[in-house]
Each structure stands twice: as C-alpha cells, then as structure tokens.
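Trainee: One structure follows; several queries about it will come next.
The values are calculated or read from the model by the stated rules, or taken from the named source; none is laboratory data. Here the structure is a predicted model, which is why all the values come from computation and not from measurement. Ideal geometry is used to build each Cβ from the backbone, glycine not excepted, and the neighbour counts take in all protein chains shown.
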Amino acid sequence: MPKEYITIQGDMWDVIAKKTLGSEYFMTALIEANPQHRETVIFPANVRLTIPEIKTQISESLPPWKSGEVE
C-alpha cells in the first residue's frame, strides 16, 4: 500500500518532499506521483497525496567504510 500525506494549509511541494522523503530534491518525483495536483503551488488543508517510493543507489566510488564493504 503506498504511503500517503495529508496536506496542511500552506504546504508546498518542496516542503512536503523534505518532510516525507528527506530532501526537497525529490519534489519532481512527488509531483509525478500526483499529476492531478501538478498545477497546485500552495496547498489547502486536507489534500491527500501519494508519496512515491524512492530508490537510492550506492555509489561505486564510495570508500569501503561508507559502502558497507568489508575486506
């Protein structure tokens, strides 16, 4: 079951992305998951939004102690 977020008066895409996904950089993914609201800039209260699952990749250039590898 997808996660949901119910807006409060004055919420904006970047703030919702930061609250729910940990970074405002996920704002585009949030908008894409809720195309019916893409024209909304400032939300009223009680709008139900779907929160997408974000898959992050581990960079292959990380040092072993950061990537979880053990030699």
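Trainee: Among 55, 66, which is part of a helix (DSSP H, G or I) and modelled with pLDDT under 95?
Mentor: Details: 55 fails: part of a helix (DSSP H, G or I).
After ruling out the rest, the residue left standing is 66.
Trainee: Quick one: how many residues across segment 37-49 are loosely packed, with under 12 Cβ neighbours inside 10 Å, under 17 Å from residue 3 (Cα atoms) and not basic (Lys, Arg)? Give the steps one after another, and end with the answer.
Mentor: Within segment 37-49, the first condition is being loosely packed, with under 12 Cβ neighbours inside 10 Å, and the residues that meet it are 38-39, 41-42, 44-46, 48.
Subset that is under 17 Å from residue 3 (Cα atoms): 46, 48.
Then keep just the ones that are not basic (Lys, Arg); that gives 46.
Qualifying residue count, segment 37-49: 1.
Trainee: Report every pair of residues separated by at least 6 positions or lying on different chains whose Cβ atoms are under 6 Å apart, first residue within segment 37-54 and β-branched (Val, Ile, Thr), second in a helix (DSSP H, G or I).
Mentor: Partner pairs satisfying both residue conditions: 50/33; 51/20; 54/21; 54/26.
Trainee: When residues of segment 17-45 are filtered for being more than 18 Å from residue 55 (Cα to Cα) and either of a type in the set (A, V, I, L, M, F, W, C) or within 8 Å of the chain's Cα centre (by Cα) (or both), how many remain?
Mentor: Selection size over segment 17-45: 4.
Trainee: Can you tell me which condition residue 34 does not meet? The list is (1) modelled with pLDDT of 95 or more; (2) over 19 Å from residue 15 (Cβ atoms); (3) not charged (D, E, K, R), and all the others hold.
Mentor: Single failed check for residue 34: (2).
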